[in-house]
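The values are calculated or read from the model by the stated rules, or taken from the named source; none is laboratory data. Owing to the predicted nature of the structure, the values given are computational and were not obtained by experimental measurement. Cβ sites come from the backbone with ideal geometry, for glycine too, and all protein chains shown count toward neighbours.
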């Protein structure tokens, strides 16, 4: 009898152990993070300045007031016209760490100014991509009721500065102002004017390269371009002009200056920077943020 009881107890213990083992799920395996970076502008197109009271953060789209998955202060001229960078931890399926997400999780970027979520456009909600993804996402504060990518505040500001806009027959009131239009017919779309900080109703105010010349006696070339106040600029280089492989190039502010990968801040005047033209066949362009 004792032997039988012992066998029954052993069987029960084995069953319990098997059940316990079966209930344990393998821990999630950490993956390379998803890094989201870019430029956040205010409603008038000016890049947000470095300020400890202004932060970018990443939350679940379904819980915007809940757990913060990543956060960073808005910085100035981080690199290539970016002022924020968020790193989201990624886990494989299974029990997930408290501040990690899995591929497909819907996330939302927020910009908080003194603790207040100012709202962003275009839509700051996206599905978590595969582990190790680097993604650039630029945003603008403020309302964009018509969803055209240009904040309402800037559109109204432009109308106030140009009360006679549209008198030449081009429909450019607030209702018809659209990102693809070109109110001043200078070749820049209204959206490009917003991003460049230029007046969409003035054909003489546009972002352009003014001059490109060889510096005598050197291998350097001087690039002169128009700037707008508080906009950021980088010089890029490519072997072809089709825009498929542009990359940063080292520049200097003076002929005898130190070369480096520099982001320049505009002041509303023409700016000249120098590049080494001894690169063989190459194309240069200036990017504005």
### Task
State yes or no: is residue 35 at pLDDT 90 or above, surrounded by 15 or more Cβ atoms within 10 Å (Cβ to Cβ) and either closer than 30 Å to residue 115 by Cα or touching a strand residue (DSSP E or B) at 6+ places or on another chain (Cβ under 6 Å) (or both)?
yes
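Taking the stretch 223-251, which residues are in contact with a helix residue (DSSP H, G or I) (Cβ under 8 Å, 6 or more places away or on another chain) and at pLDDT 90 or above?
Step one: filter the stretch 223-251 for residues in contact with a helix residue (DSSP H, G or I) (Cβ under 8 Å, 6 or more places away or on another chain), giving 228, 231.
Residue satisfying the conditions is 228 alone.
Output the number of residues of the stretch 124-133 satisfying the condition of being surrounded by 12 or more Cβ atoms within 10 Å (Cβ to Cβ) and in a strand (DSSP E or B). Talk me through it step by step, then tell me what you get.
We begin by selecting, within the stretch 124-133, every residue surrounded by 12 or more Cβ atoms within 10 Å (Cβ to Cβ); these are 124-126, 128-129, 131, 133.
Then keep just the ones that are in a strand (DSSP E or B); that gives 125-126.
Of the residues in the stretch 124-133, 2 are surrounded by 12 or more Cβ atoms within 10 Å (Cβ to Cβ) and in a strand (DSSP E or B).
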### Query
Quick one: which strands (runs of 3 or more DSSP E) sit completely within the stretch 170-289 and have at least 3 residues that are under 27 Å from residue 44 (Cα atoms)?
220-226, 232-238, 270-276, 283-288
### Task
Taking residue 111 as the residue in question, decide whether it is outside any loop (DSSP other than H, G, I, E, B) and not assigned by TED's automatic domain parsing to the domain that holds residue 232.
yes
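Condition check ((1) closer than 20 Å to residue 270 by Cβ; (2) surrounded by fewer than 16 Cβ atoms within 10 Å (Cβ to Cβ)) across all residues:
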position: 182; (1), (2): no, no
position: 191; (1), (2): no, no
position: 197; (1), (2): yes, no
position: 214; (1), (2): yes, yes
position: 220; (1), (2): yes, no
position: 226; (1), (2): yes, no
position: 231; (1), (2): yes, no
position: 244; (1), (2): no, yes
position: 247; (1), (2): no, yes
### Task
State all residues of the stretch 254-282 that are loosely packed, with under 14 Cβ neighbours inside 10 Å, farther than 18 Å from residue 228 by Cβ and within 26 Å of the chain's Cα centre (by Cα); if no residue qualifies, say none.
260, 261
#### Entry: Enumeration of residues in the stretch 88-113 that are modelled with pLDDT of 85 or more, surrounded by 15 or more Cβ atoms within 10 Å (Cβ to Cβ) and under 18 Å from residue 129 (Cβ atoms)
88, 89, 90, 91, 100, 101, 102, 103, 105, 107, 108, 109
### Task
Exactly one condition in (1) under 20 Å from residue 61 (Cβ atoms); (2) part of a loop (DSSP other than H, G, I, E, B) is not met by residue 140; state its number.
(2)
### Query
Is there any pair with a first residue in the stretch 222-248 that is more than 17 Å from residue 196 (Cβ to Cβ) and a second that is part of a loop (DSSP other than H, G, I, E, B) whose Cβ atoms are under 6 Å apart and which are 6 or more apart or on different chains, and what are they?
222/215; 237/249; 237/282; 238/245; 238/246; 248/261
